[in-house]
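Before any comments, here is the structure.
Every read-out reported here was derived from the displayed coordinates using simple, explicitly stated rules and does not represent laboratory data. Treat the numbers as computed from the prediction; the structure is a model and nothing was measured. Because the Cβ atoms are built from the backbone with ideal geometry, glycine has one as well, and the counts that use them run over all protein chains shown.
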Amino acid sequence: MEEESDTRKINNSFLRDHNYATEADIISTVEFNSTGELLATGDKGGRVVVFQREQESKSQPHRRGEYNVYSTFQSHEPEFDYLKSLEIEEKINKIKWLPQQNAAYFLLSTNDKTVKLWKISERDKRPEGYNLKDEDGRIRDPSTITSLRVPVLQPMDLMVEATARRIFSNAHTYHINSISVNSDLQTFISTDDLRVNLWNLEITDRSFNIVDIKPANMEELTEVITSAEFHPQQCHTFAYSSSKGSIRLCDMRLAALCDKHCKYFEEPEDPATRSFFSEIISSISDVKFSHNGRYLMTRDYLTVKVWDLQMENKPVETYQVHDYLRGKLCSLYENDCIFDKFECVWNGSDSVIMTGSYNNFFRMFDRNTKRDVTLEASRENSKPRAILKPRKVCVGGKRRKDEISVDSLDFSKKILHTTWHPHENIIAVAATNNLYIFQDKVN
């Protein structure tokens with residue numbers, strides 16, 4: 001990716017005033033729907049905000065890329081588990097869209113314990129002329145009705161409604177870290193630290209436990225599940241990653257309980273680089289199948305790896321996200337940043353991958369040209385249609401004018417959540433409580 005071709009324009013950014021931003025405003029997940037027309041964000045306050053892409057107009061063709069608020073609703077509320085004396089946060093951990101099949105949109109959202117299926121629909125007409133109730137909705141006395149009226153639909157201002165259609169609860173002892181919709185469009189999985197559960201979208205009172213890694217004695221626990229995802233085409237195949245840096249591919253046709261994997265992906269550790277932090281930084285924070293279903297991408301603390309499903313012993317590609325932090329692991333451990341969970345995404349054609357870093361930087365790697373670029377999402381360059389300039393981090397020696405020293409990086413500003421439009425070069429990046437949307441340079 002050449003610098004000129006990879007500069008991107010901001011077409012919109014949704015900024016909340018830093019002075020009034022609260023913990024609840026921090027964006028915790030961001031996801032495009034299957035067409036890219038809608039973009040959903042979830043935050044720590046349990047809210048879901050859906051943005052809709054503006055339609056192209058002949059007078060302003062350049063506005064085609066802009067996203068405006070379409071619907072906002074409270075998805076989850078804080079709860080309290082009285083049996084375990086535990087507070088259940090309202091924070092939205094993940095949002096997944098279901099492919100659109102009619103005029104309404106459906107999405108799954110989850111907090112630590114409960115998954116909800118939401119229907120988002122439009123209403124621009126209202127019924128009028130009821131016989132048994134008046135226009136205010138009050139019931140009329142039947143003895144006063146002297147003639148029958150035929151109710152009619154009258155136009156009204158467009159209203160977008162969000163209603164919870166299903167609530168999938170009471171199936172997870174541990175915190176849910178990921179959900180994934182199956183390509184059969186009938187089932188989905190929800191994953192916590194030790195188990196993966198399979199649900200039918202129509203059935204809320206039972207789920208099937210398909211992976212359970214909980215040992216009989218919890219003192220023997222050596223790893224936890226960090227993420228899981230269904231294969232994009234094969235409805236019987238899913239993968240889950242672990243805190244030990246391995247990925248297991250499972251086939252639901254082999255057995256009801258998929259404790260025995262059919263493929264196991266792990267890169268052997270180099271003894272020369274082993275350190276106190278090796279196990280922490282090898283923990284996989286995200287796993288994503290490529291759109292064509294041939295590859296798996298995983299993100300650990302310092303790298304993004306691409307695995308071919310036909311080759312289990314090592315990744316086919318490894319990209320260094322922020323290798324300059326390798327010498328700072330001790331201080332990152334002390335301030336808990338070493339436990340940050342970064343996500344990774346493919347572009348629509350699987351040729352470019354993107355993931356976040358610190359200082360509001362995010363990285364892109366072109367798999368064909370092997371070029372990479374570091375870009376920054378910040379208020380300084382968030383003016384509409386501003387061009388992003390590539391950033392460079394200086395590790396040691398003399399710092400150039402346009403470089404930033406590794407010691408000046410702000411570790412409180414981090415980009416954990418990103419998403420890529422399924423067909424176009426439009427990306428959404430969540431930086432703490434701000435959402436930035438960038439698109440390829442348009443003339």
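For this structure, a couple of remarks:
- Distance between segment 373-433 and segment 293-351 - C-alpha centres, whole angstrom: 18 Å
- Extension gain, Asn200 to Glu56: 0.36 nm times the residue separation minus the Cα-Cα distance gives 48.1 nm.
- Rough spin-label spacing in nm, given labels placed 7 Å along Cα→Cβ, for Cys394 and Ala164: 5.3 nm
- GNM on the chain, alpha-carbon springs under 10 angstrom: the most fluctuating residue among Glu219, Glu380, Glu334 is Glu219.
- Computed E for Thr22/Asp308 - FRET, C-beta separation, R0 30 angstrom, nearest 0.05: 0.10
- Multiplying each eigenvalue of the alpha-carbon gyration tensor of segment 298-348 by 5 and taking the square root yields semi-axes of 25, 12, 10 Å, largest first, rounded to whole angstroms.
- Charge dipole of the chain about the Cα centre (unit charges at C-beta), most positive-ward option of Ile26, Pro155, Leu98: Pro155
- Antiparallel DSSP beta bridges within the chain, percent to nearest 5: 95 percent
- Note on Glu424 and Gln101: the model spin-label points, each 7 Å out from Cα along the C-beta direction, lie 2.8 nm apart.
- The slack in the chain from Lys383 to Glu219, taken as 0.36 nm per residue of separation less the alpha-carbon distance, amounts to 53.8 nm.
- Size of the chain from its Cα atoms: along the principal axes, largest to smallest, the extents are 93, 60, 41 Å.
- Separation of alpha-carbon centers, segment 144-195 and segment 208-258, rounded to whole Å: 27 Å
- Among Arg53, Arg126, Arg400, residue whose mean-square fluctuation peaks in a GNM of the chain (springs only between Cα atoms under 10 Å): Arg126
- Pairwise FRET efficiency - Glu77 versus Cys262, Cβ, R0 = 41 Å, nearest 0.05: 0.55
- Two-site label geometry, Ala272 and Thr318: point separation in nm, points 7 Å out along Cα→Cβ: 1.2 nm
- Highest-fluctuation residue, Leu158, Leu38, Leu302 considered, GNM on the chain with Cα pairs under 10 Å: Leu158
- Paramagnetic reach from Gln154 (point 7 Å along Cα→Cβ, amide N under 11 Å) across segment 122-136: 126-130, 135-136
- Estimated translational diffusion coefficient (Stokes-Einstein, Kirkwood radius over Cα pairs, 4 °C, 1.567 mPa s) of segment 247-325: 93 µm² per second.
- Largest to smallest principal axis extent of the C-alpha atoms in segment 378-443, angstrom: 42, 29, 21
- Each 5 Å bin from 0 upward holds the following percent of the Cα-Cα pairs of segment 100-176: 3, 12, 14, 13, 11, 12, 10, 9, 7, 5, 2, 1, 0.
- Ellipticity estimate at 222 nm from DSSP helix runs (n ≥ 4, -39,500 (n - 2.57)) divided over the chain, nearest 500: -500 deg cm²/dmol
- With a threshold of 31 Å on the Cα-Cα distance, the over-threshold entries among Lys244/Lys389; Lys370/Lys401; Lys91/Lys314; Lys84/Lys263; Lys288/Lys413; Lys260/Lys314 are Lys244/Lys389; Lys91/Lys314; Lys84/Lys263.
- Restricting the calculation to Cα atoms, segment 69-125 yields a radius of gyration followed by a Dmax of 14.3, 47 Å.
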